[in-house]
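A short worksheet on the structure shown next.
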Amino acid sequence: MKVLWLCNIMLPRIAEELGMPKSNKEGWLTGISETILANKENKITLGICFPVEQDKDGICGEADGLSYYGFYEDTLHPEIYDTGLEERLAKILSQFQPDVVHVFGTEFPHTLAMAKVFPKKDKLLISMQGICTECAKNYTIGVPSRVCKKETFRDWLKKDNILKQQEKFVARGKNEREALSLAGNVAGRTAWDKRVLEKLAKEATYFKWNETLRSNFYGKTWSLQNCEKHSIFVSQGNYTIKGLHFVLQAMPEIIKKFPDTKLYVAGDKITAYSSLKDKIKIGTYGQYLLQLISDHHLQEHVVFLGKQDAEEMCGQFLKSHVFLSASLIENSPNSVGEAMLLGVPVVSSEVGGVPSLFEGEKEGLFYPVEDTKKMAEQILRIFGDDMLAERLSASARQRAAITHDSKTNYERLLEIYHEINVCV
């Protein structure tokens, strides 16, 4: 069976073959692709296509048994549908001749383009990651109206203040809904995405398929004795959906009881403001976060780590006393799965599909998304109760070991492919 993956990024194996920079994103795709390629008895011939810069459009080849194809897409403006994608993807389909096409995510126009040009709709599988339609609905929760409407120089130049960002998610959601309406099959992993997809992909067959996480998160265990006490780790905070504004508002309550509390934030440093270049580049949301840090006197308590590779992220998880997911909406964030797999005590907003990942009070702690007082209370419970931290850690590891078991998830993916391929 020939299976073509349509991904948002170039996998590291291919980047290495082409002598190009490797992406740290979506490392779980590497794990699954390597497993498929290593097990010849599965009789799967795998091909992968992905967006590239315009000067790399049409690149193709083979990297250790993996066929790859690059196509040009303007990923900086994913709200704009480029009809030229249809011709580029049709060419790849003609070259590879897949039996099944598996598309990962609906965030970019290439998903809709593939849904339009792949003629066998019953052999098209779209895996849900985030859901743009839901992101658009929840984009501005907790952000003051004056901040949403404001524009920095960067925002004016890029036509990209918070309200315009929300509008772009609305446009992406429109493409997403059309793509899902054309798909014969969708894969999800939470009760929430199943409910959403029953509305967005009414004619599609739904398959449950849990994700396998990045390989370096397996086989390592968090220890209360070895972590930095009273430290909180947030894996991303570079746009409103990740809810960092709520975290900063909750920090004073935590610091009252534990004055040595530190908040570590990974990802793009959108609050950088030390040079003229930084000041020109900063967006409204970055400015708002800086204002909150100043208003609440958090300068000595917040550390922006910048982009982290998989090993650095894993190390930061293990150093942390609490992992916090403060998102306004999520399906099944891999960061929560990674924390649970390691055993880092998790506090999360009770949104979207996250309740499918763990049971509150048993494997982690929930709080209502806009309730910063409850967020602080849940973090303080873990800081002040070592027995609770240890209990949550052990239970979370046990749950995540099942949810993210690589062998089980690999076998389930093969089942899905074979079921799709034999359908009439």
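The values are calculated or read from the model by the stated rules, or taken from the named source; none is laboratory data. As the structure is a prediction and not an experimental result, all values here were calculated from the model. In this analysis, Cβ positions are derived from the backbone assuming ideal geometry, glycine residues included, and neighbour counts consider all displayed protein chains.
Quick rundown of the values:
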| quantity | calculated |
| --- | --- |
| Helices (runs of 4 or more DSSP H) wholly inside the stretch 354-424 containing at least 1 residues that are modelled with pLDDT of 95 or more, farther than 30 Å from ILE126 by Cβ and not hydrophobic (A, V, I, L, M, F, W, C) | 372-384, 386-403 |
| Residue among THR75, THR83 that alone is exposed (fewer than 15 other Cβ atoms within 10 Å of the Cβ), farther than 27 Å from LEU414 by Cα and of a type in the set (Ser, Thr, Tyr) | THR83 |
| Number of positions in the stretch 259-300 that are surrounded by 16 or more Cβ atoms within 10 Å (Cβ to Cβ) and either on the phi > 0 side of the Ramachandran plot or more than 26 Å from the chain's Cα centre (by Cα) (or both) | 4 |
| VAL103 being within 22 Å of the chain's Cα centre (by Cα) and not in a loop (DSSP other than H, G, I, E, B) | yes |
| Leading residue by the ranking (farthest from GLU311 (Cα to Cα)) among those in the stretch 184-201 that are at pLDDT 95 or above and outside any helix (DSSP H, G or I) | GLY184 |
| Test: ARG154 is touching a Lys or Arg at 6+ places or on another chain (Cβ under 6 Å), over 30 Å from MET1 (Cβ atoms) and of a type in the set (Lys, Arg) | yes |
| Hits in the stretch 61-110 (condition: over 23 Å from LYS158 (Cα atoms), polar (S, T, N, Q) and in contact with a Phe, Trp or Tyr (Cβ under 9 Å, 6 or more places away or on another chain)) | SER67, GLN95 |
| Unmet requirement for LEU182, which otherwise passes all of (1) without any contact (Cβ under 8 Å) to a residue 40 or more places away in the chain; (2) within 30 Å of THR205 (Cβ to Cβ) | (1) |
| Qualifying residue in the stretch 163-178 (condition: outside any helix (DSSP H, G or I) and under 23 Å from the mean Cα position of the chain (by Cα)) | no |
| Failed condition for SER327, given (1) closer than 24 Å to LYS262 by Cα; (2) out of contact with any Ser or Thr (no Cβ under 7 Å at 6 or more places or on another chain); (3) among the small types (Gly, Ala, Ser) | (2) |
| Every pair of residues 6+ apart whose Cβ atoms lie under 7 Å, when the first sits in the stretch 317-339 and is under 13 Å from GLN129 (Cβ atoms) while the second is of a type in the set (Lys, Arg) and in a loop (DSSP other than H, G, I, E, B) | SER332/ARG189 |
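For (1) surrounded by fewer than 18 Cβ atoms within 10 Å (Cβ to Cβ); (2) under 18 Å from the mean Cα position of the chain (by Cα), each residue gets a yes or a no:
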site	(1), (2)
SER335	no, yes
GLU361	yes, no
ASP386	yes, no
SER395	no, no
TYR417	no, no
